[in-house]
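The values are calculated or read from the model by the stated rules, or taken from the named source; none is laboratory data. Given the structure is predicted, the values throughout are model-derived calculations rather than measurements. Reconstructed Cβ throughout: ideal geometry from the backbone, glycine too, with neighbour counts over all protein chains shown. Side chains are part of the model used for accessible areas, which takes the heavy atoms of the whole protein and leaves out ligands, DNA and RNA. Shrake-Rupley method; radii C 1.70, N 1.55, O 1.52, S 1.80 Å.
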Amino acid sequence: MNPRLCCTAALAALTLSACAARSSRLPSVEMRFLESPEKGVLRERFQEEFVLNTALIGDATLRYIRPSELLKAAESGTGQGDPQKLMRAARTLAPGEGVVLLGTVRSEASGGGSAKLAVYSLALACGKTDLDRPGDLRGCKGYVLRVTRAWPAEVYALQDVTVSLIPEGGTAKGRIRARSEPGAFEASLEGEFSASVVELAGGGALASGSGR
């Protein structure tokens, strides 16, 4: 099977055209983006809070795990990366024994216009989990992206990831907390989400519900 074919199926579970939303009645995830100079004080660049469009995909793994793999997959003939190729690579799945958590949202900064548009994507590949039972996802590895129309994009490898789930029959409520690996630029996220639960079938299609 060509793992890239799984990307098309994953798009059925995620709607990238949804706008960023803020509401006390809906589960939301706070994202913080920081700058950590080698000889300076940690500075918060900006902070966002989103209602993510989220899917939990069983029997799957991410095709690309490390940021270096993502950036290579996003290379274009011009010598620069392609934002569209990067976002596709971040959502490309392959069959596996684990669970993938995908979340995405578009955000338009104040002032409007396409130049202000940014896409935030969360992708985690976690260990095998019974999605019919409440509990934690284990061994999660992945990244969070901030992608605009202009290159370069921001890609942060996540560590110390904690994800707790409560299944609700075809959907699940969850809570996530994670931070990126230390570096000159860092990201952290914390909050709650509601996700559809699907499976990556043998033919690359997604089936609704965990069916376990």
Subject >> All positions within the range 157-180 that are among the charged types (D, E, K, R) and either modelled with pLDDT under 95 or assigned to a loop (DSSP other than H, G, I, E, B) (or both) >> reply: ASP160, GLU168
Subject >> Subset of the range 1-48 [surrounded by fewer than 16 Cβ atoms within 10 Å (Cβ to Cβ), modelled with pLDDT of 50 or more and of a type in the set (A, V, I, L, M)] >> reply: LEU26, VAL41, LEU42
Original post:
How about the range 127-144: which of its residues are part of a strand (DSSP E or B) and either surrounded by fewer than 22 Cβ atoms within 10 Å (Cβ to Cβ) or of a type in the set (Val, Ile, Thr) (or both)?
Top reply: GLY135, ASP136, LYS141, VAL144
Subject >> Filter pass, LEU71 being part of a strand (DSSP E or B), aliphatic (A, V, I, L, M), more than 15 Å from the chain's Cα centre (by Cα) and surrounded by fewer than 21 Cβ atoms within 10 Å (Cβ to Cβ) >> reply: no
Subject >> Filter pass, LEU62 being closer than 21 Å to ALA184 by Cα, buried (at least 21 other Cβ atoms within 10 Å of the Cβ) and in contact with a helix residue (DSSP H, G or I) (Cβ under 9 Å, 6 or more places away or on another chain) >> reply: no
Original post:
So GLN80 clears everything in (1) surrounded by 14 or more Cβ atoms within 10 Å (Cβ to Cβ); (2) touching a Phe, Trp or Tyr at 6+ places or on another chain (Cβ under 7 Å); (3) touching a residue at least 60 places away in the same chain (Cβ under 8 Å) except one condition, right? Which one?
Top reply: (1)
**OP:** Inspect the range 84-93 for any residue being more than 15 Å from the chain's Cα centre (by Cα), open to solvent by 10 Å² or more (accessible area, probe 1.4 Å) and of a type in the set (A, V, I, L, M) and give the result as yes or no.
**Re:** no
**OP:** Sort through GLU44, GLU49 and tell me the only one that's more than 11 Å from ALA123 (Cβ to Cβ), touching a residue at least 24 places away in the same chain (Cβ under 8 Å) and part of a strand (DSSP E or B).
**Re:** GLU49
**OP:** Please give the number of the condition SER121 fails out of (1) surrounded by 21 or more Cβ atoms within 10 Å (Cβ to Cβ); (2) under 24 Å from GLY169 (Cα atoms); (3) not aliphatic (A, V, I, L, M).
**Re:** (2)
**OP:** Test SER107 against the criterion of being part of a strand (DSSP E or B), modelled with pLDDT under 95 and touching a helix residue (DSSP H, G or I) at 6+ places or on another chain (Cβ under 9 Å), and give yes or no.
**Re:** yes
Original post:
List, please: which pairs have Cβ atoms under 6 Å, are six or more places apart or on different chains, and start with a residue in the range 145-161 that is surrounded by 21 or more Cβ atoms within 10 Å (Cβ to Cβ) and end with one that is of a type in the set (S, T, N, Q)?
Top reply: LEU145/SER121; TYR156/SER180; LEU158/SER180
**OP:** Please tell me if GLU97 is under 30 Å from ASP132 (Cβ atoms), exposed (fewer than 13 other Cβ atoms within 10 Å of the Cβ) and either of a type outside the set (A, V, I, L, M) or under 18 Å from the mean Cα position of the chain (by Cα) (or both).
**Re:** yes
